[in-house]
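Working notes, structure below.
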Amino acid sequence: MFDNNGATLSDKDFRLLTGISVYPNPTKGMLYLKGEISKLQNIEIYSLTGQRVMEVKSNFRAINVENLRSAIYFVKLNTNVATGTIKIVKE
């Protein structure tokens, strides 16, 4: 999804727009980002209840989510021009 002035797009469209993709999904311990990660300012991970459970401010290529419970999470990717949210499953 992409949030810019109320517009919402799929994660595929966000990836095309920003050149950033997140994998593997589902994941057991590590999330990897590829593409134009230099555009990222920070990454936030939220639970289904909206609680922020993690924030990453640097080293965006690999994020260790091993300590998170098995559940569905939303990964919010913040760039200088847009914010995108991708749903992930932590096994």
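The values are calculated or read from the model by the stated rules, or taken from the named source; none is laboratory data. Since the model is a prediction, treat every value here as computed from it, not as a measurement. Virtual Cβ from ideal backbone geometry, glycine too; neighbours counted across all protein chains shown. With ligands, DNA and RNA removed, areas are computed over all heavy atoms of the protein, side chains included. Shrake-Rupley method; radii C 1.70, N 1.55, O 1.52, S 1.80 Å.
Fully extending the segment from GLU55 to GLU91, taken as 0.36 nm per residue of separation minus the present Cα-Cα distance, adds 11.0 nm. Excluding ligands, DNA and RNA, the accessible surface per residue across region 41-91 is 59 Å² with a 1.4 Å probe.
Roughly how many percent of the accessible protein surface of region 32-91 is carbon and sulfur, given a 1.4 Å probe and a whole-percent answer? Display every interim value, and only then the final one.
Details: 1610 of 3580 Å².
Carbon and sulfur atoms account for 45 percent of the accessible area of region 32-91.
For region 27-76, the percent of C-alpha pairs falling in each 5 Å distance bin, counted from 0 to the bin holding the largest distance, reads 5, 19, 33, 25, 13, 4. Working note: Karplus 6.51/-1.76/1.60 with θ = phi - 60° gives region 82-91 the couplings 7, 10, x, 10, 10, 7, 10, 10, 9, 7 Hz, where Gly and Pro are set to x. The listed peptides 19-30, 58-69, ordered by packing as a protection proxy, come out as 19-30, 58-69 (highest mean of other Cβ atoms within 10 Å first). The phi torsions of region 31-39, fed into the Karplus equation with coefficients 6.51, -1.76 and 1.60 and a -60° offset, translate into couplings of 10, 10, 10, 9, x, 7, 6, 5, 6 Hz, rounded to whole numbers, with Gly and Pro shown as x. Were the residues from LEU68 through LYS28 laid out at 0.36 nm apart, the gain over their Cα-Cα distance would be 13.5 nm.
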